[in-house]
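The values are calculated or read from the model by the stated rules, or taken from the named source; none is laboratory data. Bear in mind the structure is a predicted one, so any value in this text is a computation, not a measurement. All Cβ positions, even for glycine, are placed from backbone atoms using ideal geometry, and neighbour counts span all protein chains on display. Note: accessible area is taken over every heavy atom of the protein model, side chains too, but ligands, DNA and RNA are not part of it. Shrake-Rupley method; radii C 1.70, N 1.55, O 1.52, S 1.80 Å.
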Amino acid sequence: MDESSRPLDTLNASRNKTVLVELKNGLSYVGKLRAFDIHINVVLENAEEYHNGEVKRKLGTVFIRGDTITILSPA
Amino acid sequence: MDESSRPLDTLNASRNKTVLVELKNGLSYVGKLRAFDIHINVVLENAEEYHNGEVKRKLGTVFIRGDTITILSPA
Amino acid sequence: MDESSRPLDTLNASRNKTVLVELKNGLSYVGKLRAFDIHINVVLENAEEYHNGEVKRKLGTVFIRGDTITILSPA
Amino acid sequence: MDESSRPLDTLNASRNKTVLVELKNGLSYVGKLRAFDIHINVVLENAEEYHNGEVKRKLGTVFIRGDTITILSPA
Amino acid sequence: MDESSRPLDTLNASRNKTVLVELKNGLSYVGKLRAFDIHINVVLENAEEYHNGEVKRKLGTVFIRGDTITILSPA
Amino acid sequence: MDESSRPLDTLNASRNKTVLVELKNGLSYVGKLRAFDIHINVVLENAEEYHNGEVKRKLGTVFIRGDTITILSPA
Amino acid sequence: MDESSRPLDTLNASRNKTVLVELKNGLSYVGKLRAFDIHINVVLENAEEYHNGEVKRKLGTVFIRGDTITILSPA
């Protein structure tokens, strides 16, 4: 297996970079990926919350529970 | 890994500080983070419940079951 | 860690005291906390069921399955 | 801990007694508690199914899968 | 404990007998209980699918995934 | 126990035969059962997707995640 | 068992090939399968998001949490 053949390697490569995280409830968060674990719990810094493509709130640091996440993508 | 590279380190750094906790059912709680565990069960003190941005109730101490939480953010 | 730094310590401190338990389905129960376990299964005594702020039923002893609970708060 | 300090002790004390079991889908069952396990799977005998407070069916023996249960209460 | 004090003993006693299985999606199946496991995955033979009390389809052998089941009752 | 007394034995007996797989979201798939595992993840070949009894798409090989399945039946 | 008798063998055979991934929320993603794990967490590259058959966004690399997936099919 090469260096990125596991999904969590992709998360690791995004550490300290800006990512988009989308939730099952339709909300999205964009921020710097500070931390994650095997449950896909993630922590973003300088995070902004989006709803229907518009910024809804600035949240600073936000912990997102893994089981509520659908996708995560480098911005 | 530095000192905050795991999501639960972020929760630990928020202990005894005011945090916002949002649930899958649309309710939010703001209070002092007293305790948490690996399931993200949390206990807030001096907690207030919010719905649609307005205070709905003052609850004092509240135990929130982890699997109902979407995000947690330092206030 | 001090004596109440884990969420279940909070539940333990509420044992034999009156608590409010709210469920994902919108129903609430108020009663004396008789027992709980790590799944947050709880047993209340002298429990009353509330819906939209009004007492709906008196249930006496009630076992509540943990995965249906959102919050628990000392009354 | 006294003899009933765990939730499953409450279920055990209800064995062979009439109990009410309510499900996430809004249906209720009243019958004699024949058996249960740690998943809160339960078996009732002489069970009747209720919907909106009215008897809908007589089912005799019924196995109820634990993860569909919200509450269980001695009748 | 007597011979039927565990819920799966009840399922075992129904093996090769006709049972009713109801699902979270509102569909029901009636057939001969051929097999089950600890997840309550079940296999019925000569199964008929019911919706709102009417036969919808004859399915022959059907494997039903346990986590979709609400109740199971000997017919 | 005879040879087919476990649910996964039924799946094994259907290997390389045409089966119907129905999902919680109302979609159905008909194809040759190529593979399955204990989570009831399945792989069908020459699969067609059905919605409301009509073919919606031809998919060829399809991996179906087990926790989204309600029933599986030999065609 | 032959070489493809387990569902994850099918995923492995699709590595570095274009696949379609559909989610419980109705969104679909088409991209090159870069990585997957036993939870069916997957990573796609050059991914495009579809809704109702139309491209909604180009996402580049996307991590998809396994428990939100219904099906995965080689394109």
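Any residue that is touching a helix residue (DSSP H, G or I) at 6+ places or on another chain (Cβ under 8 Å) and free of Cβ contacts under 8 Å to residues at least 12 places away in the same chain - is there at least one of those in region B:36-53? Write out each step before concluding.
Applying the first criterion (touching a helix residue (DSSP H, G or I) at 6+ places or on another chain (Cβ under 8 Å)) to region B:36-53 yields B:36-43.
Among the residues that remain, those that are also free of Cβ contacts under 8 Å to residues at least 12 places away in the same chain are: none.
Within region B:36-53 (the criterion being touching a helix residue (DSSP H, G or I) at 6+ places or on another chain (Cβ under 8 Å) and free of Cβ contacts under 8 Å to residues at least 12 places away in the same chain), the answer is no, since none of the residues qualifies.
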The one condition C:Leu11 fails out of (1) in contact (Cβ under 8 Å) with a residue 60 or more places away in the chain; (2) under 23 Å from B:Lys56 (Cα atoms) is (2)
How many residues are open to solvent by 80 Å² or more (accessible area, probe 1.4 Å), closer than 22 Å to B:Leu33 by Cα and at the interface with chain B (Cβ under 10 Å from one of its Cβ atoms) when one looks only at region C:1-38? 4
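Confirm whether G:Val62 is within 10 Å of chain A (Cβ to nearest Cβ) and more than 24 Å from F:Lys58 (Cα to Cα).
Working: within 10 Å of chain A (Cβ to nearest Cβ): yes; more than 24 Å from F:Lys58 (Cα to Cα): yes.
The answer is yes for G:Val62.
Just for strands (runs of 3 or more DSSP E) wholly inside region B:5-57: which have at least 3 residues that are over 9 Å from the mean Cα position of the chain (by Cα)? Can you show your working first?
Details: elements: B:18-23, B:28-36, B:42-51.
In region B:5-57, B:42-51 are the strands (runs of 3 or more DSSP E) which contain 3 or more residues that are over 9 Å from the mean Cα position of the chain (by Cα).
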Which numbered condition trips up G:Ala75, out of (1) of a type in the set (A, V, I, L, M); (2) within 12 Å of chain A (Cβ to nearest Cβ); (3) in contact with a strand residue (DSSP E or B) (Cβ under 6 Å, 6 or more places away or on another chain)? (2)
With respect to the numbered conditions (1) under 26 Å from A:Leu33 (Cα atoms); (2) within 11 Å of chain C (Cβ to nearest Cβ), which one is the sole condition not fulfilled by B:Glu45? (1)
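Just name the residue that is surrounded by the fewest Cβ atoms within 10 Å (Cβ to Cβ) out of those in region A:66-75 that are of a type outside the set (A, V, I, L, M) and not in a helix (DSSP H, G or I). Outline the logic, then answer.
So the first thing to find is which residues in region A:66-75 are of a type outside the set (A, V, I, L, M), and the list is A:66-68, A:70, A:73-74.
Among the residues that remain, those that are also not in a helix (DSSP H, G or I) are: A:70, A:73-74.
Numbers: A:Thr70: 22, A:Ser73: 23, A:Pro74: 17.
This residue is A:Pro74.
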Only residues that are at negative phi, surrounded by fewer than 17 Cβ atoms within 10 Å (Cβ to Cβ) and not basic (Lys, Arg): list them for region C:51-65, please. C:His51, C:Glu54, C:Val55
